[in-house]
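The block underneath contains the structure these notes are about, expressed in structure tokens.
The values are calculated or read from the model by the stated rules, or taken from the named source; none is laboratory data. Just so you know, these numbers come straight off a predicted model, no measurement behind them. Glycine also receives a Cβ, built like all others from the backbone with ideal geometry; neighbour counts cover every protein chain displayed.
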Amino acid sequence: MSRIAVTGDDAIAQAAKIVNPDVVAAYPITPQTIIVERFSDFVADGEVDTEFVCVESEHSAMSACIGASTAGGRVFTSSASAGIMLMFEILQIASSSRTPIVMAVANRAISGPINIHGEQTDQLLFRDSGWISIFAETNQEAYDSTIMAFKIGEHSDVLLPVAVGIDGFILSHAIEGIEPTDREFVFEFLGGERKAALRLDPDNPVSVGLLHLQDYYMEARAQVRDAQQRAKQVIIDTYKEWKELKGREYHPVEGYMIEDADYAFVTMGSGAGNARTAVDELRAKGEKVGLIKIRVYRPWFGKEFSQLTKNLKGVISVERAHSFGSPGGILGQDVKSTLFDSKQTPCIAEYCYGLGGRDCLVKEWSEMYDRSKKSFMEGKNLPYFWWGVRV
Amino acid sequence: MQDVLPTDINDEDFKKWVAEKWGYKKLPMAGSTPAGSAKFFRTGDWANKQPHLIVENCISCYKCYFYCPDNAITMVEDADGKAHPEFDYFYCKGCEVCAHECPGKKGNKAIVMEDLK
């Protein structure tokens, strides 16, 4: 199929179109992006069979999605930033109700001050909620990840909601070429209509979403914990199948120029593009540097991550997110605890960059590397540092 | 490994679930239960009062039956074909709604509450 030029938003809307979900419930204004606006075009033009529910808030959007998914439907939605904050309560219920909703998140800074530009803090803030959390680097990845998210979430070993993040504006509003696929392929890839084992069925009545007090709450949460762990194999298998069918290779954690590297960046999302170019430029100067890209953030692939870090002398964790008063960045804390668990002791430097959509150019990534390496050569860690903030 | 569904569980299992404190592997997923999750829940032991019928004051108006928030009242016909309430004390919480709503006969209530000692 010939390539098309689309924004990240459009790529995800197109992916949702060929998935043809049963229900899309979304709140249509700021901080919503063009994803559901485009999708509502498809509904109006009769290109999908979807029931589009235009709700009155993000809290209601996620609630409607849970209802539709519990009824057995294949459900998609999209949100960002303050919208995620408003649906936060219901996000937890989506995972505990084991509803495999797919949500595209155009990662945007959270208030305040008000800002709608690229930043991953919104999606990272619900890392503990039981959602599978994926970050895309390119529009193609956003497209593929959206389709695969349905397969991963709906797998009977998993049954968890999946968030696919694209950096606000950098991906969501920027045009790239992607190779689309068709509805027949996707229908077969997803195994036809959704087959929900647990659903509201008048012929087989059940009660869902009940009160669990001291006697059963921990057990109910433990089921989500196990489903997150089981999702790892399902994600690996789904990526493998995608490679066989589509030729594009994905891994939950990806190494670039990592085999002989002494130092490596660790990052997520679109920043990995600039990091890769910086690695190429530094390699050309003889620096032994690589890149570890986290595609799947939850569940955390600790074993795979430590395979990539085992020979490193220094790790440079760089994230477009922040956490106040914490012992490092949000991603940085996962990186550090994984190194600790695997008894690896490279030096570490942690950076927060690009908050509220501030640019971070390739040369700045090289500068981050130089600054970190200088410290690593002295055997010293660098404390959590906000890159590019004016003093 | 997949999670257990509530439809895999019968009434007898369900009674055990309440009593036995199952582990998360045996517990149906997503906090789901077979339909009628309150079936074996003795809310009657919350009560500190219980309703009792004074049948000669009952005019078979069905008000108690419709107002009971717990469906703990069944209307049963007597030999004359008149229906009177029967209370299910397994579920009745003693909320007094039936006694309050009862119009009785000539100012005398057909449902009165009696303290539980």
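Here A:TYR217 meets each of (1) within 13 Å of chain B (Cβ to nearest Cβ); (2) touching a residue at least 60 places away in the same chain (Cβ under 8 Å); (3) aromatic (Phe, Trp, Tyr) with one exception, condition (2). Quick check on region B:1-51: of everything there that is under 28 Å from A:SER156 (Cβ atoms) and polar (S, T, N, Q), which residue is farthest from the other protein chains (Cβ to nearest Cβ)? Per the stated criteria, the residue is B:ASN10.
For region A:346-368, check the following and say yes or no: at least one residue is among the aliphatic types (A, V, I, L, M) and within 13 Å of A:GLY332 (Cβ to Cβ). Yes; the residues of region A:346-368 include at least one that is among the aliphatic types (A, V, I, L, M) and within 13 Å of A:GLY332 (Cβ to Cβ).
Take region A:279-289 and flag every residue that is surrounded by fewer than 24 Cβ atoms within 10 Å (Cβ to Cβ) and either within 21 Å of A:THR138 (Cβ to Cβ) or out of contact with any strand residue (DSSP E or B) (no Cβ under 6 Å at 6 or more places or on another chain) (or both). Across region A:279-289, the qualifying residues are A:ASP280, A:GLU281, A:ARG283, A:ALA284, A:LYS285, A:GLY286, A:GLU287, A:LYS288. Of the numbered criteria (1) of a type outside the set (A, V, I, L, M); (2) at negative phi; (3) within 14 Å of chain B (Cβ to nearest Cβ), the one A:SER145 fails is (3). Against the test of being within 30 Å of A:ASP334 (Cα to Cα), of a type in the set (A, V, I, L, M), touching a helix residue (DSSP H, G or I) at 6+ places or on another chain (Cβ under 8 Å) and surrounded by fewer than 19 Cβ atoms within 10 Å (Cβ to Cβ), the options A:ALA174, A:ALA136 yield a single qualifying residue, A:ALA174. The set of residues in region A:221-276 that are surrounded by fewer than 15 Cβ atoms within 10 Å (Cβ to Cβ), over 30 Å from A:SER97 (Cβ atoms) and either within 14 Å of another protein chain (Cβ to nearest Cβ) or touching a helix residue (DSSP H, G or I) at 6+ places or on another chain (Cβ under 8 Å) (or both) comprises A:LEU245, A:ARG248, A:GLU249. Answer with yes or no whether A:ALA109 is among the aliphatic types (A, V, I, L, M), in the same structural domain as A:VAL224 (by TED's automatic domain parsing) and more than 20 Å from A:MET148 (Cα to Cα). When the stated conditions are applied, A:ALA109 passes them.
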